[in-house]
1. Can you put 94, 30, 49 in order, fewest other beta carbons within 10 Å first?
2. Need one number: nm distance between label points at residue 56 and residue 108, each 7 Å from Cα along Cα→Cβ, rounded to one decimal.
3. Along Cα→Cβ, 7 Å out, is where each label goes; now give me the distance between the ones at residue 119 and residue 42 in nm to one decimal.
4. If we count other beta carbons within 10 Å of each Cβ, what is the order of 78, 40, fewest first?
5. So between residue 89 and residue 35, what do we pick up on full extension, going 0.36 nm a residue minus the alpha carbon distance?
């Protein structure tokens, strides 16, 4: 497994874990302060729009989820599935990048996010 961490910034830092024999990687990003609040506001707006536009045959690309942090969202897109979790003044993003992301990634993402949250201050 390869690990690569970004250079810590005042409001955000990121770490990427990639497996050598597959095209799968896990990324963890922690954002604090004003930037975290701005991203959380954008997530709320996107979830609302996605919820209004989705029909009964498709799930929204981003949606609120329960039971994780103070507020959480699940997002899925091309090559990525991730959870965003509000924790005090911090926004945690845990994502799995793979050739075929899907909703089955949600349980793994929840487990990884809970573990990461246990290491974060409020």
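1. Least to most surrounded, the residues fall as 49, 30, 94.
2. 3.3 nm
3. Simple spin-label model gives 2.5 nm for this pair.
4. 78, 40
5. Net length gain for the segment: 18.5 nm.
Values quoted throughout were computed directly from the atomic coordinates according to the rules given, and no laboratory measurement underlies them. Everything numeric in this text was worked out from a predicted model, so none of it was measured. We place every Cβ from the backbone using ideal geometry, glycine too, and count neighbours over all the protein chains shown.
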